[in-house]
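In what follows, a structure is listed as structure tokens, so that the remarks can point back to it.
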Amino acid sequence: MGDVLSALSDPLRRRVVAVLARLPEGTERTCASFDLGVSKASLTHHFRTLHHSGLIRQINRGNSRGAVLRRADIEGRFPGLLSIVAAENFE
């Protein structure tokens, strides 16, 4: 639980989870497609944190990686959490 809450404590990582939670289940997005406005090293750090916390699954695509929300796992462990994150306004 601590790893998940720690990962979600950062607004950029919450935004990634919120975007993925609003998409149809199983939707894969490349890390660069989120346009978070940070360096490549920071982007790598954020997605690594999300992966290690168990929030996303990463798929290697050669020179890029795709991210898929682990929706069923998250809902099973933390019912309602994704709805709360998805409802947050990041504008």
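Quick one: what does P(r) look like for the chain with 5 Å bins over all Cα pairs, in whole %?
Histogramming the chain at 5 Å steps yields 3, 14, 28, 29, 18, 7, 2 percent.
Which value at 222 nm does the chain reach when only helices count, each DSSP H run of 4 or more adding -39,500 (n - 2.57), with the total divided by all residues and rounded to the nearest 500 deg cm²/dmol?
The helix contribution divided over the chain gives -15000 deg cm²/dmol.
Taking the 0 to 90 degree range and rounding to the nearest ten, how far is the long axis of helix 11-22 tilted relative to the main principal axis of the chain, both from C-alpha atoms?
It is inclined by approximately 70 degrees.
Between 0 and 90 degrees, rounded to the nearest ten: what's the tilt of helix 40-53 against the longest Cα principal axis of the chain?
The angle comes out at about 30 degrees.
Roughly how far apart, in whole Å, are the Cα centres of region 62-91 and region 9-38?
8 Å
With a sphere of radius 10 Å drawn around the Cβ of ILE59, what net charge do the other residues whose Cβ falls strictly inside it have (Lys, Arg +1; Asp, Glu -1)?
Summing Lys and Arg as +1 and Asp and Glu as -1 gives +2.
Tell me the relative contact order for the chain as a rounded percent, counting alpha carbon contacts under 8 Å between residues six or more apart.
36 percent
We did not get these values from a lab; they are worked out from the coordinates using the rules stated. All values derive from a computational prediction rather than experimental measurement. All Cβ positions, even for glycine, are placed from backbone atoms using ideal geometry, and neighbour counts span all protein chains on display.
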